[in-house]
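First the structure, in the form of structure tokens, and then the observations on it.
The values are calculated or read from the model by the stated rules, or taken from the named source; none is laboratory data. These numbers come from a predicted model, not from an experiment. Cβ sites come from the backbone with ideal geometry, for glycine too, and all protein chains shown count toward neighbours.
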Amino acid sequence: MDDFKDKILTSKLFLFFLLILLIYMGIACVRVTYKKYQMVEQNKQLRAQMVVLRDENSKLNALKEFFGNKNFLEREAKQRLNMKNEGENVVILPEAGTGKVGGNEAASASEGEGTTTVSQNAPGPFWEKWWDYLFK
């Protein structure tokens, strides 16, 4: 029986199969190592992307808080929607220097005084508009 084992272990056919098995195992190890390398690189990229997304998320949360603030909403309602709070008076002021009410801006809020200034484009006589255009 010892003779049989020695003969099989030293045969060229057995050594050939052993060599093919060794090559196959080496290729499998290289594949696994390459897959591991790819996964590590992908993990690095995902972590970097996660940091960027967290930063962007924190910025968006800050904007959400800012735009949801009661003072901001009140100021925007006054400026864009011409709204006023109870007890506030709306005052139309003339433009500086001309003595006329002018401009087509809707509303600008003066927060400290509790009043809202609204400018309107007041129509005037045709000749006065030309006079102002040519000589002022």
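Taking GLU65 as meeting all but one of (1) in a helix (DSSP H, G or I); (2) among the charged types (D, E, K, R); (3) over 39 Å from the mean Cα position of the chain (by Cα), write down the number of the exception.
(3)
Being aliphatic (A, V, I, L, M) and either touching a strand residue (DSSP E or B) at 6+ places or on another chain (Cβ under 8 Å) or modelled with pLDDT under 90 (or both) narrows it down to one of LEU53, LEU81, so name that one. Show your work before the answer.
Numbers: LEU53 fails: either touching a strand residue (DSSP E or B) at 6+ places or on another chain (Cβ under 8 Å) or modelled with pLDDT under 90 (or both).
Sole residue among the options that is aliphatic (A, V, I, L, M) and either touching a strand residue (DSSP E or B) at 6+ places or on another chain (Cβ under 8 Å) or modelled with pLDDT under 90 (or both): LEU81.
Using the structure shown, decide if ALA122 is at pLDDT below 80, surrounded by 11 or more Cβ atoms within 10 Å (Cβ to Cβ) and in a loop (DSSP other than H, G, I, E, B). Write out each step before concluding.
Details: at pLDDT below 80: yes; surrounded by 11 or more Cβ atoms within 10 Å (Cβ to Cβ): yes; in a loop (DSSP other than H, G, I, E, B): yes.
Against the criterion (at pLDDT below 80, surrounded by 11 or more Cβ atoms within 10 Å (Cβ to Cβ) and in a loop (DSSP other than H, G, I, E, B)), ALA122 qualifies.
Is it the case that ASN69 is closer than 30 Å to LYS84 by Cβ and either loosely packed, with under 10 Cβ neighbours inside 10 Å or out of contact with any helix residue (DSSP H, G or I) (no Cβ under 6 Å at 6 or more places or on another chain) (or both)?
Spelling it out, ASN69 is indeed closer than 30 Å to LYS84 by Cβ and either loosely packed, with under 10 Cβ neighbours inside 10 Å or out of contact with any helix residue (DSSP H, G or I) (no Cβ under 6 Å at 6 or more places or on another chain) (or both).
Among (1) modelled with pLDDT under 80; (2) over 36 Å from the mean Cα position of the chain (by Cα), there is one condition PRO94 misses while meeting the rest; what is its number?
Result: PRO94 passes all but (1).
In segment 25-41, is there at least one residue being surrounded by 10 or more Cβ atoms within 10 Å (Cβ to Cβ), farther than 30 Å from GLY124 by Cα and either at pLDDT below 90 or touching a strand residue (DSSP E or B) at 6+ places or on another chain (Cβ under 9 Å) (or both)?
Taking every residue of segment 25-41 in turn, none turns out to be surrounded by 10 or more Cβ atoms within 10 Å (Cβ to Cβ), farther than 30 Å from GLY124 by Cα and either at pLDDT below 90 or touching a strand residue (DSSP E or B) at 6+ places or on another chain (Cβ under 9 Å) (or both).
Looking at this structure, is ASP6 of a type outside the set (S, T, N, Q) and surrounded by 10 or more Cβ atoms within 10 Å (Cβ to Cβ)?
Here the answer is yes, as ASP6 does meet what is asked.
Among the residues that make up segment 80-96, is at least one of them out of contact with any His (no Cβ under 8 Å at 6 or more places or on another chain), outside the structural domain of GLY124 (by TED's automatic domain parsing) and either polar (S, T, N, Q) or in contact (Cβ under 8 Å) with a residue 60 or more places away in the chain (or both)?
Checked segment 80-96: no residue is out of contact with any His (no Cβ under 8 Å at 6 or more places or on another chain), outside the structural domain of GLY124 (by TED's automatic domain parsing) and either polar (S, T, N, Q) or in contact (Cβ under 8 Å) with a residue 60 or more places away in the chain (or both).
Can you tell me how many residues within segment 9-21 are outside any helix (DSSP H, G or I) and surrounded by 10 or more Cβ atoms within 10 Å (Cβ to Cβ)?
Residues flagged as outside any helix (DSSP H, G or I) and surrounded by 10 or more Cβ atoms within 10 Å (Cβ to Cβ) within segment 9-21 amount to 1.
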